[in-house]
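Let me begin by presenting the structure, written as structure tokens, before commenting on it.
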Amino acid sequence: MSLSLPQDLIVSPSAPLLIVDVDEVLALFMAGFERFIRRQGYEMRIDRFALFQNLYRPGEAEHLDIVTGRALFDAFFRDGADDLEPVAGAADALADLSQRAGVVILTNAPDCGRESRTGWLARHGFDFPMILNSGVKGPIIAQLAGLTSGPVAFIDDLLPNLESAAESAPRVLRFQTVADPRLRPLAPQAPERHPRHDDWADLKPAIEAAVWR
Ligand SMILES: [Mg+2]
């Protein structure tokens, strides 16, 4: 699906630009989603890097079907997405980086989650323009990168999004970070193509070194 940029988005034509994902980058999504589905009587068992395939009815060996999982996901973004912990160090790092670079938040979430997502970002110190995307992120990253002649960096937890950025916008620097310690050992990665730093204390200097080299 191709998405056009918001009309009111302002990007400096020559400054560096950071394009930053939310879930597992700025927000501890899995932990918040787990609390939400528990309240609905389900449980999460994180034994693979997947979302719906980690959701179970208590006592059952077979994970939930995708329709039920998707319904819970949409319900979370409608009713539960305010209950997310911010990732340690992320707000301070972006506040500092944003003195020298533009920041755009690029999140994949259902449209029903737009309001709670913008509210959550503002409340936790991520008061930057947000784009709600659906599907792979490469095409919209290419559009964003076209707005500045400066260096552009993209930060996400998901390998398919990083691969999509590499394909659609090869000049964009890419970084992987996975905030949830339970997901870290399971996350597909390609660190030679997309350097990975799971802690913002390491991620921030890596971004600085690449963007302002
Ligand atoms: Mg994410």
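Tabulated data
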read-out: Residue within the range 44-57 that is surrounded by 11 or more Cβ atoms within 10 Å (Cβ to Cβ), without any contact (Cβ under 8 Å) to a residue 12 or more places away in the chain, within 16 Å of the ligand (Cβ to nearest atom) and not in a helix (DSSP H, G or I) present; value: yes
read-out: Residue check for D96: touching a residue at least 60 places away in the same chain (Cβ under 8 Å), of a type outside the set (A, V, I, L, M) and not in a loop (DSSP other than H, G, I, E, B); value: yes
read-out: Among the candidates V136, V172, residue that is buried (at least 16 other Cβ atoms within 10 Å of the Cβ) and at pLDDT below 95; value: V136
read-out: Residue list for the range 1-38, filter: closer than 18 Å to W120 by Cβ and either exposed (fewer than 13 other Cβ atoms within 10 Å of the Cβ) or more than 16 Å from the ligand (Cβ to nearest atom) (or both); value: R35, F36
read-out: Residues that are in contact with a strand residue (DSSP E or B) (Cβ under 6 Å, 6 or more places away or on another chain) and away from the ligand (no atom under 14 Å from the Cβ), drawn from the range 167-202; value: V172, L173, P195
read-out: Residues of the range 63-107 that turn out to be within 21 Å of R39 (Cα to Cα), surrounded by 14 or more Cβ atoms within 10 Å (Cβ to Cβ) and within 16 Å of the ligand (Cβ to nearest atom), as a count; value: 6
read-out: Positions within the range 117-127 being within 16 Å of the ligand (Cβ to nearest atom) and not in a loop (DSSP other than H, G, I, E, B), in sequence order; value: R117, W120, L121
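The values are calculated or read from the model by the stated rules, or taken from the named source; none is laboratory data. Not measured: the values here are computed from a predicted model. Note that we place each Cβ from the backbone using ideal geometry, even for glycine, and neighbour counts take in every protein chain shown.
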